[in-house]
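**Student:** The structure follows.
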Amino acid sequence: MAATSHLADNLALLEVETAALLRTASALDEVSVRQGSLCEGWSRAHVLSHLARNADALGHLVHWAVTGEPTPMYASPEARDADIEDGARRPLSAILADLEASAARFAAAAPELEGGPEAAEVEMRGGVRVSGGSLPTLRLREVVFHHVDLRAGYGFADADPGFVRRSVDHAIGRLHAPDLSLTLRSREGGEWTVGSGGQVVTGTDAALLAWLARGVDLGLSSDRPVPAPPSWG
């Protein structure tokens, strides 16, 4: 029951965050959508096209988990990159329609993960194995993080606080930074140790996540300059 409840909660939050993304994207115009994002080398159009293809790619993994039929996320790395590049060249109206339709396809398929498929293992690109039940979480992360990447008025402070706290935990867990020695303190009460501790860096959960995931300092405080985090990858 706990796994089922977790799945339902993630799908409900994904619905909320997808609606927020669509509102932001719909406020763009043909000029602003071609402007740069926080993703190096990508315009906002690239980010939105990536999000559409990611919805379909994760939908393939949903199919794998539900049916047992191996279905890769993308035909190939080259096909993934080409689809994003080609998609970014489309008129804004086509990008928005694709973004909405692909999100709807994932939303329609993901509830089928309930039960046995939650525990089924599927393979992401790069050979990483994940459970079927984690796919809505992965989609939620893509939607929220790339919404922030649009630089269009939405930040981590606008996302669900529980999701942001969990994302800080996740970001700390994936750090590979032997040269960093920090104590990160959240104004909401969290504390994390990187390396042996050392320099104390304080900020909100949202500010800490912006620094960890995107290297952006949104009001962090410390007794010395805050170092650059390792690449998110």
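**Student:** Can you name every residue in the stretch 193-214 that is small (Gly, Ala, Ser) and either assigned to a helix (DSSP H, G or I) or modelled with pLDDT of 90 or more (or both)? Let's see the steps before the verdict.
**Tutor:** The first filter runs over the stretch 193-214 and keeps only residues small (Gly, Ala, Ser), leaving 195-198, 203, 206-207, 210, 213.
Answer for the stretch 193-214, where residues must be small (Gly, Ala, Ser) and either assigned to a helix (DSSP H, G or I) or modelled with pLDDT of 90 or more (or both): Gly203, Ala206, Ala207, Ala210, Ala213.
**Student:** Right, here's the next one. Does Ala57 qualify as being surrounded by fewer than 17 Cβ atoms within 10 Å (Cβ to Cβ) and out of contact with any helix residue (DSSP H, G or I) (no Cβ under 7 Å at 6 or more places or on another chain)?
**Tutor:** So Ala57 does not fit the description; no.
**Student:** Could you check, for the stretch 183-196, whether at least one of its residues is under 22 Å from Leu14 (Cβ atoms) and among the aromatic types (Phe, Trp, Tyr)?
**Tutor:** No, there is no match, as no residue in the stretch 183-196 is under 22 Å from Leu14 (Cβ atoms) and among the aromatic types (Phe, Trp, Tyr).
**Student:** Ok, one more. Do we find a residue being within 20 Å of Leu7 (Cβ to Cβ), free of Cβ contacts under 8 Å to residues at least 60 places away in the same chain, touching a Leu at 6+ places or on another chain (Cβ under 7 Å) and crowded, with 20+ Cβ neighbours inside 10 Å anywhere in the stretch 125-146?
**Tutor:** Within the stretch 125-146 (the criterion being within 20 Å of Leu7 (Cβ to Cβ), free of Cβ contacts under 8 Å to residues at least 60 places away in the same chain, touching a Leu at 6+ places or on another chain (Cβ under 7 Å) and crowded, with 20+ Cβ neighbours inside 10 Å), the answer is no, since none of the residues qualifies.
**Student:** Additional query: From the list Ala25, Ala12, Ala65, which one is surrounded by fewer than 19 Cβ atoms within 10 Å (Cβ to Cβ) and of a type in the set (A, V, I, L, M)?
**Tutor:** Details: Ala25 fails: surrounded by fewer than 19 Cβ atoms within 10 Å (Cβ to Cβ); Ala65 fails: surrounded by fewer than 19 Cβ atoms within 10 Å (Cβ to Cβ).
Criteria check complete, one pass: Ala12.
**Student:** Mind checking whether some residue in the stretch 181-192 is among the charged types (D, E, K, R), free of Cβ contacts under 8 Å to residues at least 40 places away in the same chain and assigned to a loop (DSSP other than H, G, I, E, B)?
**Tutor:** Yes: the stretch 181-192 contains one or more residues that are among the charged types (D, E, K, R), free of Cβ contacts under 8 Å to residues at least 40 places away in the same chain and assigned to a loop (DSSP other than H, G, I, E, B).
The values are calculated or read from the model by the stated rules, or taken from the named source; none is laboratory data. Everything numeric in this text was worked out from a predicted model, so none of it was measured. Here Cβ is always computed from backbone atoms with ideal geometry, including for glycine, and neighbour counts include all displayed protein chains.
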